[in-house]
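J.: First the structure, then my questions, so here it is.
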Amino acid sequence: MLRQLSNQKWELPIPVISAFGGLGIYRLADALTSNYVGKTSQGEDICEHVSFSTAMTANSRRLLYIFPRLRNWAPLEHQKPIEVVVRKMRIEQNSSQCEIWAPHEHPLDVYRQSHPLYDHRLPLLAQLVQEENHEGCIIDIGANIGDTIALLRLAGVQAPIVALEPSPRFFTVLKSNIATQPSFFGQVQALNAFAGDPTHSLRLEERTGTASTQQIQPERTAGVHIQAPTIPLYYLGLQDISIVKIDTDGYDASILQSEFSYLTRTLPIVWTEAEIRSMKQHADWDNLLKDMLSVFEWVCVFDNFGFLVTHGRLNIKATTILDLLKYTHHHASLPVESFGEPRIYYLDLVFFPSRWQKVYSGFIGKLPEA
């Protein structure tokens, strides 16, 4: 898929796998270790410049960027816009409402009508964080169309937000929401990228309103289109991080593992989805929770409807979390036609380092079911 971007010159550099139509500046050592390859191992034609750029990125572990202040013009025939059928979606938080653009099939407003707690707890937490730290910024990994950002703003949260969304469809809508409501989406920087280990090749499986991230094994990458680059969080250059929110439908544990040293240095509150589709992923969470114990002291566990299931010290609750993840995996395997809906498919886990003890206590005090 080829896309022509039109960005404002003051925006941050944009991570890409490969870029065309302008001046390219490479490190000589990186370029000399890479080759132009115009065919896959199966003999299929591919763009040789993309293979060159991909090899250079993999060999050097350095990303390529579009530098918005270095602008050029390209003929209109080079454009291939992403077409998304959209509608206006009305959402509510703290008795305030707004309308944002959403893909026609996006079900967020329907979910929130059926489940009154759905997506209401993160804005509440962010409010408490803002009262404690006015300067901290938020990283939204898997930002989708910007719905979480809109809910935060409705809750009065004005923190700067860096939003990462790898899906071209959702990113297109996200950028439209930012462009059409600049006062509402102020201080939001959006990047069309995955988060995590830059050596991982990732792809998306999109379905109604969301997309899951899957890692592609190196020997299987030939001929596979990688939608967006993968960037580590330290590339963002942020100093004061208050919340890192992760929602990638199954890839969250891998991101947390690859970013663990960064989280140890910055000590944000981490709000992450935990969805497992295999016992290997369950083992990944088992290993991850053992590492998290050294940094994060408290945890809150919500079901996929937003109801608080348990909370407390992580060293006491880790085993409970693993048992609950097995439970969600079992629910996901049951046929809907036989066992019906609703059911618990995933958990939302919120990890608090010791520096956020006051916020943790205040957050628990705001939850009636606690």
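J.: Taking the conditions exactly as written (in a strand (DSSP E or B), surrounded by 18 or more Cβ atoms within 10 Å (Cβ to Cβ) and modelled with pLDDT of 90 or more), does Val173 satisfy them or not?
T.: Judged against the criteria, Val173 is not a match.
J.: Taking Leu164 and the conditions (1) more than 23 Å from Arg203 (Cβ to Cβ); (2) hydrophobic (A, V, I, L, M, F, W, C); (3) touching a Leu at 6+ places or on another chain (Cβ under 7 Å), which numbered condition does it fall short on, given that it satisfies the others?
T.: In the conditions (1) more than 23 Å from Arg203 (Cβ to Cβ); (2) hydrophobic (A, V, I, L, M, F, W, C); (3) touching a Leu at 6+ places or on another chain (Cβ under 7 Å), Leu164 misses (1) alone.
J.: Inside the stretch 152-166, can you point out the residues that are buried (at least 24 other Cβ atoms within 10 Å of the Cβ) and touching a residue at least 60 places away in the same chain (Cβ under 8 Å)?
T.: Leu164, Pro166
J.: Right, Lys326: within 20 Å of Leu256 (Cβ to Cβ), touching a residue at least 24 places away in the same chain (Cβ under 8 Å), of a type in the set (D, E, K, R) and touching a helix residue (DSSP H, G or I) at 6+ places or on another chain (Cβ under 8 Å) or not?
T.: yes
J.: For the stretch 48-61, state whether one or more residues are assigned to a loop (DSSP other than H, G, I, E, B) and either modelled with pLDDT of 80 or more or within 24 Å of Leu204 (Cβ to Cβ) (or both).
T.: Looking for residues that are assigned to a loop (DSSP other than H, G, I, E, B) and either modelled with pLDDT of 80 or more or within 24 Å of Leu204 (Cβ to Cβ) (or both), one finds at least one in the stretch 48-61, hence yes.
J.: Return a yes/no flag: does the stretch 24-33 have any residue that is part of a loop (DSSP other than H, G, I, E, B), out of contact with any helix residue (DSSP H, G or I) (no Cβ under 7 Å at 6 or more places or on another chain) and touching a residue at least 40 places away in the same chain (Cβ under 8 Å).
T.: Within the stretch 24-33 (the criterion being part of a loop (DSSP other than H, G, I, E, B), out of contact with any helix residue (DSSP H, G or I) (no Cβ under 7 Å at 6 or more places or on another chain) and touching a residue at least 40 places away in the same chain (Cβ under 8 Å)), the answer is no, since none of the residues qualifies.
J.: In the stretch 264-283, what count of residues is obtained for those that are modelled with pLDDT of 95 or more and closer than 15 Å to Val350 by Cα?
T.: 8
Per-residue answers, yes or no, for (1) of a type in the set (S, T, N, Q); (2) touching a His at 6+ places or on another chain (Cβ under 8 Å):
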site	(1), (2)
Glu273	no, no
Ile276	no, yes
His282	no, yes
Asn287	yes, no
Asp291	no, no
Trp298	no, yes
Gly312	no, no
Ile316	no, no
Tyr327	no, no
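J.: Then there is this: Quick one: count up the residues across the stretch 326-345 that are of a type in the set (A, V, I, L, M) and within 27 Å of the chain's Cα centre (by Cα).
T.: 2
J.: Name every residue in the stretch 326-359 that is among the aromatic types (Phe, Trp, Tyr) and either buried (at least 19 other Cβ atoms within 10 Å of the Cβ) or not assigned by TED's automatic domain parsing to the domain that holds Ser114 (or both), in order of residue number.
T.: Tyr346, Phe351, Phe352, Trp356
J.: Name the residues in the stretch 182-193 that are assigned to a loop (DSSP other than H, G, I, E, B) and either touching a Cys at 6+ places or on another chain (Cβ under 8 Å) or more than 18 Å from Gln158 (Cα to Cα) (or both), would you?
T.: Result: Phe184, Asn192, Ala193.
J.: A follow-up question, please. I'd like to know if the stretch 300-311 contains one or more residues that are surrounded by 15 or more Cβ atoms within 10 Å (Cβ to Cβ), over 28 Å from Tyr111 (Cβ atoms) and of a type in the set (Asp, Glu).
T.: Within the stretch 300-311, not a single residue is surrounded by 15 or more Cβ atoms within 10 Å (Cβ to Cβ), over 28 Å from Tyr111 (Cβ atoms) and of a type in the set (Asp, Glu).
J.: Is it true that some residue in the stretch 139-160 is of a type in the set (D, E, K, R), outside the structural domain of Ala55 (by TED's automatic domain parsing) and in a strand (DSSP E or B)?
T.: Yes, that holds for at least one residue.
J.: Working carefully through the options Asn304, Asn287, Asn315, find the one that is assigned by TED's automatic domain parsing to the domain that holds Tyr345, within 22 Å of Ile364 (Cβ to Cβ) and free of Cβ contacts under 8 Å to residues at least 40 places away in the same chain.
T.: Just a single option satisfies the conditions, and that option is Asn315.
J.: Does at least one position in the stretch 351-366 carry a residue that is part of a strand (DSSP E or B) and in contact with a Cys (Cβ under 7 Å, 6 or more places away or on another chain)?
T.: Checked the stretch 351-366: no residue is part of a strand (DSSP E or B) and in contact with a Cys (Cβ under 7 Å, 6 or more places away or on another chain).
J.: Looking only at the stretch 86-113, which residues are without any contact (Cβ under 8 Å) to a residue 24 or more places away in the chain, closer than 22 Å to Leu308 by Cβ and surrounded by fewer than 17 Cβ atoms within 10 Å (Cβ to Cβ)?
T.: Ser95, Tyr111, Gln113, listed by residue number.
J.: So is Ala370 touching a residue at least 24 places away in the same chain (Cβ under 8 Å) and more than 26 Å from the chain's Cα centre (by Cα) or not?
T.: Against the criterion (touching a residue at least 24 places away in the same chain (Cβ under 8 Å) and more than 26 Å from the chain's Cα centre (by Cα)), Ala370 qualifies.
J.: Residue by residue through the stretch 313-325, note down the ones that are over 24 Å from the mean Cα position of the chain (by Cα) and either surrounded by fewer than 18 Cβ atoms within 10 Å (Cβ to Cβ) or acidic (Asp, Glu) (or both).
T.: Arg313, Asn315, Ile316, Thr319, Thr320, Asp323
J.: Hey, Gln79 hits all of (1) surrounded by 12 or more Cβ atoms within 10 Å (Cβ to Cβ); (2) at pLDDT 75 or above but one; which does it fall short on?
T.: Condition not satisfied by Gln79: (2).
The values are calculated or read from the model by the stated rules, or taken from the named source; none is laboratory data. Note that the structure is predicted; figures quoted are calculated from it, not measured. For neighbour counting, all protein chains shown are included, and Cβ atoms are generated from backbone atoms with ideal geometry for every residue, glycine included.
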